[in-house]
Structure formats: structure tokens, C-alpha cells
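The values are calculated or read from the model by the stated rules, or taken from the named source; none is laboratory data. All of these numbers come straight from a predicted model, not from anything done at the bench. FYI the Cβ positions are ideal-geometry reconstructions off the backbone, even for glycines, and counts take in every protein chain you see.
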Amino acid sequence: MIREMMDEDLPVILGMEKELFPENPWPEDQYHYELHENPFAQVFILEKDGRTAGYADLWILYDQAQIANIGVSKEFQRQGCGQELLQHCIREAVRLNCENITLEVRIDNTPAITLYEKNDFINAAVRRNYYEDGTDAYLMIKPLGGLEYDDNTGN
Ligand SMILES: CC(C)(COP(=O)(O)OP(=O)(O)OC[C@H]1O[C@@H](n2cnc3c(N)ncnc32)[C@H](O)[C@@H]1OP(=O)(O)O)[C@@H](O)C(=O)NCCC(=O)NCCS
């Protein structure tokens, strides 16, 4: 089940941030901003058997969508959760008439890049020294023109 993130989720999410991004986890105030102040943000949780398996932060910037963050707890990885969260973001972007959806990913993050390529994201550019440790990022984009959202099924 995918649902909106709430303040009560933050202890678990902050733990997952440290697990998944040990070098630069998002701090609590960043999540407060995303949940309460950022007018463009939609922040989701994926639950499996009542437990938090993963999360995603999607920005809807008028006709552009951007995945600001996405992660799946190590315990739940390679079970389709990342795919489910990504599909949810894409569906939301289509539903809200975005023309494309983008994200930045470390160039050495093979699991994430493989997931995005599998979902027809293409590598648009390299952002040099994008991360604090100097690692470059790929800017990846998926055009959404022609994709349709079905009001009845949500697909
Ligand atoms: C990237 C991430 C979200 C993928 O989540 P996941 O739940 O493991 O992904 P899924 O099980 O849905 O995998 C879907 C597809 O992605 C690709 N993939 C996922 N993990 C992979 C890995 N370790 N190596 C290669 N391909 C991988 C595969 O194509 C996979 O399909 P398959 O299982 O049929 O081969 C997860 O590894 C993660 O949270 N990583 C740490 C945080 C992170 O890097 N976030 C992205 C920041 S841009």
C-alpha cells in the first residue's frame, strides 16, 4: 500500500535515510520542510505487511515532475518495491499532466540507474561534482507525452 508520509513516520524514515545514504542522509528539518512547507512536494510511503518498506519524494513543478528522493530499506530490496514506488511517481506525474519526469542519480549507483533505465528514463546530462564528495550525477529524464492516466483504474 502506498500512502502519504506523516510526521509519525519520521523516526523510521530518518533511520532508513542513515541506512541508505550514510554519507548524506536527509536531516529531520528537510523532511519537515517537504511535509509542511514545500508546496510542490508529495511524499509517499510504501508499506508491506504494515511495515515501512520504502519512500519517495516527488516534486510537481507545474508541468515538470522531479523525483527528489527514493529509497527502499535494505531488508525489502530486490522485491519490486523500488519499481512500485517509481511507478507511483510516474502515474502521479501523468495524472497531473506533467510533460516529463526527471531525477539526479550518482553515476556509480548501478541499482538505481538500472531501475530507471528499465522504466525508460534516458541519460540527459552529467552534472559534474554534484555530490559533496565530488561524485558526478546523471540527470535522467523520461518524457511523459502520450502516456495516459486511467481515472477508473489509477493506472
Ligand atoms: C534503487 C532502489 C530504490 C531499488 O529498489 P528495489 O526495491 O531494490 O528495486 P526493485 O526490486 O523494484 O528492482 C526493480 C529493478 O531495478 C533493478 N535493480 C534493482 N536493484 C538492483 C541491483 N542491486 N543491481 C542491479 N539492478 C538492480 C533491476 O532491473 C530490478 O528488476 P529485477 O529485480 O527484475 O532484476 C534501492 O536499491 C535503494 O533504495 N537504494 C538505496 C537508495 C538509492 O540509491 N536511491 C536512489 C537515489 S537516486
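Going through the range 76-112 one residue at a time, which ones are basic (Lys, Arg) and in contact (Cβ under 8 Å) with a residue 40 or more places away in the chain?
If the condition is that a residue be basic (Lys, Arg) and in contact (Cβ under 8 Å) with a residue 40 or more places away in the chain, then Arg91, Arg95 are the ones that fit.
Tell me which residues, restricted to the range 14-49, are within 13 Å of the ligand (Cβ to nearest atom) and touching a Ser or Thr at 6+ places or on another chain (Cβ under 7 Å).
Within the range 14-49, Met16, Glu19 qualify.
Just to be sure I understand, how many residues within the range 135-155 are assigned to a loop (DSSP other than H, G, I, E, B), touching a residue at least 40 places away in the same chain (Cβ under 8 Å) and either within 16 Å of the ligand (Cβ to nearest atom) or of a type in the set (Asp, Glu) (or both)?
Residues in the range 135-155 being assigned to a loop (DSSP other than H, G, I, E, B), touching a residue at least 40 places away in the same chain (Cβ under 8 Å) and either within 16 Å of the ligand (Cβ to nearest atom) or of a type in the set (Asp, Glu) (or both): 1 in total.
Can you confirm whether the range 116-124 contains a residue that is at pLDDT 95 or above, over 17 Å from Cys89 (Cα atoms) and surrounded by 10 or more Cβ atoms within 10 Å (Cβ to Cβ)?
Yes.
Tally time: how many residues in the range 11-26 are touching a helix residue (DSSP H, G or I) at 6+ places or on another chain (Cβ under 8 Å) and either hydroxyl-bearing (Ser, Thr, Tyr) or without any contact (Cβ under 8 Å) to a residue 24 or more places away in the chain (or both)?
2
Of everything in the range 87-104, what is closer than 22 Å to Gly50 by Cβ and away from the ligand (no atom under 11 Å from the Cβ)? Give them in sequence order.
His88
Any idea how many residues of the range 36-74 are out of contact with any helix residue (DSSP H, G or I) (no Cβ under 7 Å at 6 or more places or on another chain) and assigned to a helix (DSSP H, G or I)?
2
Looking at the range 58-86 only, could you name the residues that are over 17 Å from Met5 (Cα atoms) and within 12 Å of the ligand (Cβ to nearest atom)?
Gln66, Lys74, Glu75, Phe76, Gln77, Arg78, Gln79, Gly80, Gln83
Filter the range 110-134 down to residues that are out of contact with any helix residue (DSSP H, G or I) (no Cβ under 9 Å at 6 or more places or on another chain) and in a helix (DSSP H, G or I) and give me whichever is nearest to the ligand (Cβ to nearest atom).
Going through the qualifying residues, I end up with Thr114.
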